[in-house]
Structure formats: structure tokens, C-alpha cells
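Notes follow once the structure below has been shown.
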Amino acid sequence: AQKVTQAQTEISVVEKEDVTLDCVYETRDTTYYLFWYKQPPSGELVFLIRRNSFDEQNEISGRYSWNFQKSTSSFNFTITASQVVDSAVYFCALTRTDSWGKLQFGAGTQVVVTP
Amino acid sequence: DGGITQSPKYLFRKEGQNVTLSCEQNLNHDAMYWYRQDPGQGLRLIYYSQIVNDFQKGDIAEGYSVSREKKESFPLTVTSAQKNPTAFYLCASSTSGTGTKNIQYFGAGTRLSVL
């Protein structure tokens, strides 16, 4: 069965510091997709990125960057120069083999950015 | 603007009462999902529907029921059989097809509490 582990429950940083969120996954599939979502205090999950298991290139989008390493089954997320607006819960997710389109979510990491 | 609308934002249930959470989308998505979020546990799938008039149980379907009579609507009923209904409920939708890569988009959620 698939499993997604986000070992960090909460990370607190001061504004402008970098923060890295860890995500480790388990799957027997050779083809799968990984996702990151952001949940601000308002509650709605916001899609950030989708990564194909065949594409191990790192990706950068503004202050966000993602490091996908298939060898270690990790898909880590870094926020550079954090801002107060980055305060949220961040979820890593993995597509599930057992059924079409379903996602297996990690428990989430709460990021708190203080001024 | 296209999106997913959940209502109400807050809902209170009395003992022995059934309550229905609304989810409407205007994204023309075929697939819709219901998740339950408890503190520290991430999101767990309750029910999902790939197409109108069809739906499948997720991981924690007991005590819940759904219907999918229209493409844009996927209401969730929390029945009296659900003994611990207090949680945050999120609805999502995605495009169809060979869907393991499809991105799920989320509503703002409904917070259900027991009186």
C-alpha cells in the first residue's frame, strides 16, 4: 500500500529564513505522481505542484523549489526567504494504485512564519 | 469565476440527526471527491465519483452517504450512524480520463460540530 510520511509536524521560522519541508513516500508503482498542496488558515487546499515519477528534474517557481529524488523516495519542498503569507499547512500527496485518481495524503506540516 | 463552492461554512449536528453538506462545481469536471480532515491526520477519502450516477466508497465511508445526480453537484450526508462526525470536510473535483495524474481542486470546506 502507498504511504506518505511528513515527519515534521510544525516548523517555525522568522521571516526571510529558508524552510524545507520533507516528504518521504512508499509505493510499488513504477509510474506515479506526487503533489504538494498548501492549506492556509482559510481552509481551502491550494495546488502547488505535480511531479511525474519519470521526471527527476528539480523545479523552481518563484520562492518555491522542489527536490525530487527517486533513489531516496523523497520529494522535498523549500520556501526561500519566507514571508508571513507562507504560514499554512503543507501537504504532500501520492497517487494511489488501487483506484483511479485517488490521492494518499501525508499528515501535513504546519509552517509558522513570524515577522 | 470557476471553482468549487461548499456550503455551509459551519454546521452543527444534534444527536441522532442527519445533516447534508453541499458541494457544487462549475469547472466541468467529471470526478468529485469528499475528504475528512482531523487534526494531525491529513485528509482521508470518504467517497468519490468518477461520473454522474456512479460513486465509490473511499477509506472511511461508514456513516456517510452521497449522491451524484448532476455533474456539478456531489452532496454528502452525515448520518446518525457516524458516531464521531466532528471534523473539517473538504470537497474536491478533477478532470476524468486515465486519471492518476489529474489535479484535484478543492473547496473552502465545511466545519461540522456536534451539539
| query | In region B:10-43, what count of residues is obtained for those that are modelled with pLDDT under 95 and among the basic types (Lys, Arg)? | reply | 2
| task | Hey, can you tell me all the residues within region A:15-58 that are modelled with pLDDT of 90 or more, within 14 Å of chain B (Cβ to nearest Cβ), more than 13 Å from the chain's Cα centre (by Cα) and surrounded by 13 or more Cβ atoms within 10 Å (Cβ to Cβ)? | result | A:Thr27, A:Pro40, A:Gly43, A:Glu44
| field | Within region A:1-13, considering residues that are part of a loop (DSSP other than H, G, I, E, B), within 15 Å of the chain's Cα centre (by Cα) and more than 11 Å from chain B (Cβ to nearest Cβ), the one surrounded by the fewest Cβ atoms within 10 Å (Cβ to Cβ) | value | A:Ala7
| task | Residue by residue through region A:66-115, note down the ones that are open to solvent by 10 Å² or more (accessible area, probe 1.4 Å), assigned to a strand (DSSP E or B) and within 14 Å of chain B (Cβ to nearest Cβ). | result | A:Val89, A:Gln104, A:Phe105, A:Gln110
| query | Taking region B:69-95 on its own, how many of its residues are open to solvent by 50 Å² or more (accessible area, probe 1.4 Å) and within 14 Å of chain A (Cβ to nearest Cβ)? | reply | 1
| query | Can we say B:Ser93 is assigned to a strand (DSSP E or B) and touching a His at 6+ places or on another chain (Cβ under 6 Å)? | reply | yes
| Is it true that B:Ala31 is aliphatic (A, V, I, L, M) and buried (at least 19 other Cβ atoms within 10 Å of the Cβ)? | yes
| query | Considering region B:38-55 alone, what residues qualify as being more than 11 Å from the chain's Cα centre (by Cα), more than 7 Å from chain A (Cβ to nearest Cβ) and either within 21 Å of A:Gln39 (Cβ to Cβ) or not hydrophobic (A, V, I, L, M, F, W, C) (or both)? | reply | B:Asp38, B:Pro39, B:Asn53, B:Asp54
| message | With the requirement that a residue be over 15 Å from the mean Cα position of the chain (by Cα) and without any contact (Cβ under 8 Å) to a residue 24 or more places away in the chain, what does region A:66-84 give you? | response | A:Ser71
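The values are calculated or read from the model by the stated rules, or taken from the named source; none is laboratory data. Fair warning: this is a prediction, and the values are worked out from it, not measured in the lab. We place every Cβ from the backbone using ideal geometry, glycine too, and count neighbours over all the protein chains shown. To get the accessible areas, we keep the full protein, side chains included, count just its heavy atoms, and leave off ligands, DNA and RNA. Shrake-Rupley method; radii C 1.70, N 1.55, O 1.52, S 1.80 Å.
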